[in-house]
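S.K.: Handing you this structure, nothing more for now.
The values are calculated or read from the model by the stated rules, or taken from the named source; none is laboratory data. From a predicted model like this one, the values you see are computed outputs, not experimental measurements. Quick reminder, even Gly has a Cβ in these numbers, built from the backbone with ideal geometry, and neighbours come from all protein chains shown.
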Amino acid sequence: MKTRIALIIAGVSALFVIVAVCYYALMQFAEEKYSIVLKDSSLEIVDFAIEDKEEITNDVPPNPLKNPYFGDLHVHTRYSFDAYVFGVNATPYDAYRYAKGEMIKHPLGYEMQLKEPLDFYAVTDHGIYMGMIQEYGDPNSPQAGYEWAIPFQNINREENRTLESMGERLNLFSLMAGDGYLERPYPVWHPKMWQAIFTKNRQLASKAFDYGVHKSAWADIANAAEENNEPGKFTTFIGYEFTAGTEVEGGNLHRNVIFESSKAPIRPWSREDSLNPMELWAWMDKLRAKGLDSIAIPHNSNGSNGEMFEVETYYGTPIDLTYSETRMRNEPIVEITQVKGTSDTHPLLSPDDDWADFEIMDGRVGARPPTYSYPAGGYVRDAYLRGLMLDWKGQGNPYKFGLIGSTDTHLGAGSFDESNFWSKVGVVDGSPMSRGSIPLTEERLEQLRDYSEEYNQPVSAVEVDGNSYAIGFDQWGSSGLAAVWAEENTRESIFSALRRKEAFATTGPRVAVRFFAGFDLTSIDINAESLIEEAYDKGVPMGADLFADGEKVPEFLVWAQKDKYSASLQRIQIIKGSVTNSGARPSEKVFDVICSDGLEVDPTTHRCPDNGARVNIEDCSITNNVGATELKATWRDPDFNPKDKAFYYVRVLENPTCRWSTWDALKAGIKPRSDLHKTIQERAWSSPIWYIPVPEDIDIFAL
Amino acid sequence: MSLKPYLRIILFFLFGFIIYIADITMNYDEESKDIYISDQELDGLFAAWNSQVGRPPNEQEALNIVNDFIEEEILYREALRLGLDQNDRIIKRRLAQKISFLKQETDREEPSSKKLADFFDINKDKYYVPPTFSFTHFYFSQSPEAENKAKKALSEIVKFGAPSSSEPFFLGKNFSEYSLGEIEQAFGQELLIAFDNPALNQWIGPFSSSYGEHLLFINNKSLGYSPKFSEIEDLVRQDYMLQEQDRKISDYLDSIKSEYRVIINPTYEF
């Protein structure tokens, strides 16, 4: 009996040993041949710093009262799948050269150059399939033989960079924008499949994906940022775009992720990993735990069909304190304006705001066929109000973000000037005719019709004033700039300015704005040299909280300076939003605070009188000697209730000037379209200051 | 009647195995013999015919074109399978060029310091450090009286050491080590006149900027200079390597360009 038991034990242990050896051998093989290991590849952190880089010493002392720095944190280059399809050949290096003031070429051949260099810049290519499309396009690459690569082959050869290739290009964009085109999974037993599972890297499971190419594209983008970062003079950030959306309705949930230092993960965490921004934040939190801070900046909420600033989570569950805190930790800043429209507010949401109908883009981002995007939940003012309401209900405020602008250019080069506009998607909208500002010729109209038929797309032309115009790009515009108040032009200083929301947005011109709140600001002499020092002493700057001081009425200080090259300033407004303490009823109001030309604000309507600034549509000239080079004032809230939660932000308006579509028409010697705005009032927005009332003793339980 | 537990487990694995096998056999197609011709490719083929012959092909011709294309593809694949690409001098040369091109991109041989010094001499302008100014100012915002106010303030400074009134400037009061470019960015081009051989350490003005009138006190001017080669050798090396890379690529392009014929539609209108 005993021997039998011993035999069984021996047999079982032998079996166990064999299994263990086999498993070990298998894993060894897997690791050596296919580098399969049990780890999360997205959490591997790499330092991209250039080792022997000559550091330019920055001996200019930091300014404790802070300087305004202007930049762009949303720039695509050839590494983005769509930019490549749009004919763009600009590299990240070209993009940084452009930001420093050098000239680079548009894919259609003309020159692009800034009037004055920018202070900071970040190349943020799409994380999804970063670098892959370029690889498909290269007929000599290992990917070139596959059927999915064929349509991309040599698409950007010199002679194909023409307006006629637009149909082919848009069709490729539609193919890729719809999910699945690039999903060519390996069979389940394939080692690549295991690798995908064991390294939590879903894209590896696709035959159309080459990890080496992907990683080196990302490393090249990081290297370009590192090479061009010059502390004290010019700041760059390593970043990318997380291009996700809701699975139904195509709600745009795009965000740019910006890293604080020369360190970054080995690969961008993209929509292949998840469509859910909450999982993006979880990933960013994990990186933060490893000592790498980053922020995500949502953009084009206007085209999200109301999904960007929902009152529930991605899963449809109620927002709770943890959600609000996580969102604010990861998303302190939102992009309010860019080429694809402005997301301040919508005329349907703010019917009493005379300036709400401004550069409205009312379609969903990337939707084909073009689809209307519902405004509620897609604009920042509405989001601020929703945030107050959620906070009132004890769910925390997930929408307490600051504001910047950026361009979202896909050319490496932002277009900030109405009189010299090149839009953003290269061959597709690089000429006035293709972006709908001058009528289509018969021949081009014919081409568009052919394209619609060939690729099963809706009609791409519209009849206005008896002429046909291309559709799709007339609601786009030459906007926006990101601006911060920072002690010096370095990564650390600018990143922490974004973190504390001491940031503002403009629609292109370098209009700068200061904004402070406190309970004793009217006592400051606004003509004293010590103005800003005192304001920091007695108040809080934009982006901050102002905690209630008994029943005291908050006072504000605003100060704006015009762009040297743009129109003069017309007025400064403060936009107030609040919810009542007795039921979270929202309200909003626009107050003119100071007018140009010595004009007085009407105390009942809170409006400035007309300052007489006009635009001559015949030649785009503007009235001379009207408007201000700078405006400053202190202001007290006239309808203040100390118990109501509230936010206040500044809007600075320039005198009207011609819109890009008018400039295009003028240059072509024709009349501008009657259905588009002919003029535009360029503007700047500050980040808000939130008024925090004394907490109530009553707990509110949402039913 | 229920099955014994271990039978259920066996059945479970058996079904799993069958599904697994089925999946493998149905989804695996790496070595397929399909020839996929996309619409774009067909368009391209017919457009090429059209461009050569001057009219679109008729049905028979279209069939011939597609057949030729398919045969070419089949022969190409069969040739690859038989290894005919090996020991072919044309293919060899082409591949050799490819690899050398790749190498040129990655090759990072250390340049001699003589080369670097020459490079530095040629590009001296690029490394020139421009002159900078440190200054403070009194500001009078744009208005018809601004100039008079500024003049009055200047006389007050001369008499009492400080003006009776002035205004805060948006970008602050003191500016340290600003180059002319930075001054232009902060104040506008008009103010540059003030920095053309200025008198140092005394109040001068008024000067106009884009924003109004200024009285300036320039207390330091650091002369522009060309740094010594030894100080910035690393920077020069970086730039040299970058330039070498560009040069190698353009050399390669030049050498290969002559093989191409460029065809542009002579009647094309933009």
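S.K.: Condition check: within 13 Å of chain B (Cβ to nearest Cβ), farther than 30 Å from A:LYS233 by Cβ, over 21 Å from the mean Cα position of the chain (by Cα) and in a helix (DSSP H, G or I). Does A:GLU147 satisfy that? Please lay out each step first, then the result.
M.R.: Working: within 13 Å of chain B (Cβ to nearest Cβ): yes; farther than 30 Å from A:LYS233 by Cβ: yes; over 21 Å from the mean Cα position of the chain (by Cα): yes; in a helix (DSSP H, G or I): no.
So A:GLU147 does not fit the description; no.
S.K.: Further question on the same structure: Can you name the number of the only condition in (1) loosely packed, with under 14 Cβ neighbours inside 10 Å; (2) closer than 17 Å to A:GLN153 by Cα; (3) modelled with pLDDT of 80 or more; (4) not charged (D, E, K, R) that B:SER38 fails?
M.R.: (3)
S.K.: Scan the range B:216-234 for residues that are crowded, with 17+ Cβ neighbours inside 10 Å and either within 13 Å of chain A (Cβ to nearest Cβ) or at pLDDT below 80 (or both) and jot them down.
M.R.: Quick first cut of the range B:216-234, residues crowded, with 17+ Cβ neighbours inside 10 Å only: B:216-218, B:232.
Correct list: B:ILE232 only.
S.K.: Could you look through the range A:229-256, keep only residues that are part of a loop (DSSP other than H, G, I, E, B) and among the aliphatic types (A, V, I, L, M), and pick out the one that is surrounded by the fewest Cβ atoms within 10 Å (Cβ to Cβ)?
M.R.: Taking the range A:229-256 as the starting set, the residues that turn out to be part of a loop (DSSP other than H, G, I, E, B) are A:229, A:231-233, A:243-244, A:246-251, A:253-254.
With the extra rule that they be among the aliphatic types (A, V, I, L, M), the set shrinks to A:244, A:248, A:253.
On the way: A:ALA244: 24, A:VAL248: 8, A:LEU253: 24.
Among those that are part of a loop (DSSP other than H, G, I, E, B) and among the aliphatic types (A, V, I, L, M), it is A:VAL248.
S.K.: Let me ask something additional. Of the conditions (1) modelled with pLDDT under 75; (2) in a loop (DSSP other than H, G, I, E, B), A:TRP189 satisfies every one except a single condition; which number is it?
M.R.: (1)
S.K.: Regarding the range A:348-359, can at least one residue be identified that is outside any loop (DSSP other than H, G, I, E, B) and either at pLDDT below 95 or crowded, with 24+ Cβ neighbours inside 10 Å (or both)?
M.R.: Filtering the range A:348-359 for residues outside any loop (DSSP other than H, G, I, E, B) gives none.
Checked the range A:348-359: no residue is outside any loop (DSSP other than H, G, I, E, B) and either at pLDDT below 95 or crowded, with 24+ Cβ neighbours inside 10 Å (or both).
S.K.: Shifting gears a bit: Within the group A:ARG510, A:ARG514, which residue is more than 30 Å from B:PRO163 (Cα to Cα), among the basic types (Lys, Arg), crowded, with 20+ Cβ neighbours inside 10 Å and within 14 Å of chain B (Cβ to nearest Cβ)? Lay out the reasoning, then the answer.
M.R.: Details: A:ARG514 fails: more than 30 Å from B:PRO163 (Cα to Cα).
Only one candidate qualifies: A:ARG510.
S.K.: Look at B:GLU184 and say whether it is surrounded by fewer than 14 Cβ atoms within 10 Å (Cβ to Cβ), assigned to a helix (DSSP H, G or I) and within 13 Å of chain A (Cβ to nearest Cβ). Break it down stepwise before answering.
M.R.: Numbers: surrounded by fewer than 14 Cβ atoms within 10 Å (Cβ to Cβ): no; assigned to a helix (DSSP H, G or I): yes; within 13 Å of chain A (Cβ to nearest Cβ): yes.
No: the conditions fail for B:GLU184.
S.K.: Test B:SER176 against the stated conditions and say whether it is modelled with pLDDT under 90, at the interface with chain A (Cβ under 9 Å from one of its Cβ atoms) and part of a loop (DSSP other than H, G, I, E, B).
M.R.: No.
S.K.: Go through A:ALA224, A:ALA219 for me and flag whichever is assigned to a helix (DSSP H, G or I) and touching a Pro at 6+ places or on another chain (Cβ under 6 Å). So that I can check it myself, show each step before the final result.
M.R.: On the way: A:ALA219 fails: touching a Pro at 6+ places or on another chain (Cβ under 6 Å).
The unique qualifying residue is A:ALA224.
S.K.: Still on this structure, please answer the following. Residues to consider are A:LEU546, A:LEU531; find the one that is over 29 Å from A:ALA122 (Cα atoms), within 13 Å of chain B (Cβ to nearest Cβ) and of a type outside the set (S, T, N, Q). Write out each step before concluding.
M.R.: Details: A:LEU546 fails: within 13 Å of chain B (Cβ to nearest Cβ).
Going through A:LEU546, A:LEU531 in turn, just one is over 29 Å from A:ALA122 (Cα atoms), within 13 Å of chain B (Cβ to nearest Cβ) and of a type outside the set (S, T, N, Q): A:LEU531.
Here is a yes/no grid of residues against (1) part of a loop (DSSP other than H, G, I, E, B); (2) crowded, with 18+ Cβ neighbours inside 10 Å; (3) within 20 Å of the chain's Cα centre (by Cα):
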{"position": "A:SER261", "(1), (2), (3)": "yes, no, yes"}
{"position": "A:ASP273", "(1), (2), (3)": "yes, yes, no"}
{"position": "A:GLU279", "(1), (2), (3)": "no, no, yes"}
{"position": "A:ASN302", "(1), (2), (3)": "no, yes, yes"}
{"position": "A:GLU307", "(1), (2), (3)": "yes, yes, yes"}
{"position": "A:TYR323", "(1), (2), (3)": "no, yes, no"}
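S.K.: What are the residues in the range B:143-170 that are surrounded by fewer than 17 Cβ atoms within 10 Å (Cβ to Cβ), within 11 Å of chain A (Cβ to nearest Cβ) and in contact with a strand residue (DSSP E or B) (Cβ under 8 Å, 6 or more places away or on another chain), if any?
M.R.: Hit for the range B:143-170 is B:SER143, nothing else.
S.K.: Surrounded by 13 or more Cβ atoms within 10 Å (Cβ to Cβ) and either at pLDDT below 85 or over 30 Å from B:ILE183 (Cβ atoms) (or both): is that true of B:LEU116 in this structure?
M.R.: For B:LEU116, the condition - surrounded by 13 or more Cβ atoms within 10 Å (Cβ to Cβ) and either at pLDDT below 85 or over 30 Å from B:ILE183 (Cβ atoms) (or both) - is met.
S.K.: Return yes when A:LYS66 is within 14 Å of chain B (Cβ to nearest Cβ), over 26 Å from A:SER419 (Cβ atoms) and surrounded by fewer than 24 Cβ atoms within 10 Å (Cβ to Cβ) and no when it is not.
M.R.: yes
S.K.: Keeping to the range B:54-79, report how many residues are surrounded by 11 or more Cβ atoms within 10 Å (Cβ to Cβ) and not small (Gly, Ala, Ser).
M.R.: 15
S.K.: Moving on. Taking A:LYS39, is it within 30 Å of A:ALA560 (Cα to Cα), modelled with pLDDT of 70 or more and of a type in the set (Lys, Arg)? Let's see the steps before the verdict.
M.R.: Numbers: within 30 Å of A:ALA560 (Cα to Cα): no; modelled with pLDDT of 70 or more: yes; of a type in the set (Lys, Arg): yes.
In short, no.
S.K.: Next question. With respect to the numbered conditions (1) part of a helix (DSSP H, G or I); (2) in contact with a helix residue (DSSP H, G or I) (Cβ under 9 Å, 6 or more places away or on another chain), which one is the sole condition not fulfilled by A:GLY212?
M.R.: For A:GLY212, the exception is condition (2).
S.K.: OK, next. Only one of (1) away from every other protein chain (no Cβ under 14 Å); (2) within 19 Å of A:LEU65 (Cα to Cα) is not met by A:GLU488, so which one is it?
M.R.: (1)
S.K.: If you don't mind, another one. Please go through the range B:124-148 and pick out each residue that is among the aliphatic types (A, V, I, L, M) and assigned to a strand (DSSP E or B).
M.R.: Of all residues in the range B:124-148, those among the aliphatic types (A, V, I, L, M) come to B:129, B:146.
Once the filter is applied, which keeps residues that are among the aliphatic types (A, V, I, L, M) and assigned to a strand (DSSP E or B), the range B:124-148 yields only B:VAL129.
S.K.: For the subset of the range A:629-648 comprising residues that are under 22 Å from A:MET389 (Cα atoms) and not in a strand (DSSP E or B), which member is nearest to the other protein chains (Cβ to nearest Cβ)? Give the steps one after another, and end with the answer.
M.R.: First, pick out the residues of the range A:629-648 that are under 22 Å from A:MET389 (Cα atoms): A:637, A:639-648.
Those still in the list that are not in a strand (DSSP E or B) too: A:637, A:639-644.
On the way: A:ASP637: 24, A:ASP639: 30, A:PHE640: 28, A:ASN641: 33, A:PRO642: 31, A:LYS643: 36, A:ASP644: 33 Å.
Among those that are under 22 Å from A:MET389 (Cα atoms) and not in a strand (DSSP E or B), it is A:ASP637.
S.K.: Moving to a separate point now. So A:MET132 fits all but one of (1) without any contact (Cβ under 8 Å) to a residue 40 or more places away in the chain; (2) away from chain B (no Cβ under 11 Å); what number is the exception?
M.R.: So the condition that A:MET132 fails would be (1).
S.K.: Would you tally the residues in the range A:105-125 being at pLDDT 95 or above and more than 12 Å from chain B (Cβ to nearest Cβ)?
M.R.: The qualifying residues number 8.
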